[in-house]
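Below is one structure, written out as structure tokens; the observations come after it.
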Amino acid sequence: MLMSADPETFVLHPHYAKHGLILVAAGRIDPDWASARLTQSWRDMAPKKFLKEWDAR
């Protein structure tokens, strides 16, 4: 979806394709969007113990 929406920012490199990873072109991504996306991805995978500690801060 990201590559379809903005192929100049999100790039698939053959080396990373087998891992399901895409690259982000330097200087082309909104830092606030990236921070929110990384935080949400972490929250989706983090153990409940860590989420509880994170949310308590």
Residue satisfying all of: in segment 7-38; in contact with a helix residue (DSSP H, G or I) (Cβ under 9 Å, 6 or more places away or on another chain) and outside any loop (DSSP other than H, G, I, E, B); surrounded by the most Cβ atoms within 10 Å (Cβ to Cβ) among these: 10
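Residue-by-condition table, conditions (1) out of contact with any Ser or Thr (no Cβ under 8 Å at 6 or more places or on another chain); (2) closer than 15 Å to residue 3 by Cα; (3) aromatic (Phe, Trp, Tyr):
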{"residue": "13", "(1), (2), (3)": "yes, yes, no"}
{"residue": "19", "(1), (2), (3)": "yes, no, no"}
{"residue": "28", "(1), (2), (3)": "no, yes, no"}
{"residue": "32", "(1), (2), (3)": "yes, no, no"}
{"residue": "43", "(1), (2), (3)": "yes, no, no"}
{"residue": "46", "(1), (2), (3)": "yes, no, no"}
{"residue": "51", "(1), (2), (3)": "yes, no, no"}
{"residue": "56", "(1), (2), (3)": "yes, no, no"}
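Just the residues that are hydrophobic (A, V, I, L, M, F, W, C) and open to solvent by 90 Å² or more (accessible area, probe 1.4 Å), please, taken from segment 39-54. I'd like the intermediate steps shown before the answer.
Applying the first criterion (hydrophobic (A, V, I, L, M, F, W, C)) to segment 39-54 yields 42, 45-46, 50-51, 54.
Correct list: 42, 45, 50, 54.
The values are calculated or read from the model by the stated rules, or taken from the named source; none is laboratory data. A quick note: this is a predicted structure, and the numbers were derived from the prediction, not measured. In this analysis, Cβ positions are derived from the backbone assuming ideal geometry, glycine residues included, and neighbour counts consider all displayed protein chains. Keep in mind that these areas ignore ligands, DNA and RNA; they rest on the heavy atoms of the full protein, side chains included. Shrake-Rupley method; radii C 1.70, N 1.55, O 1.52, S 1.80 Å.
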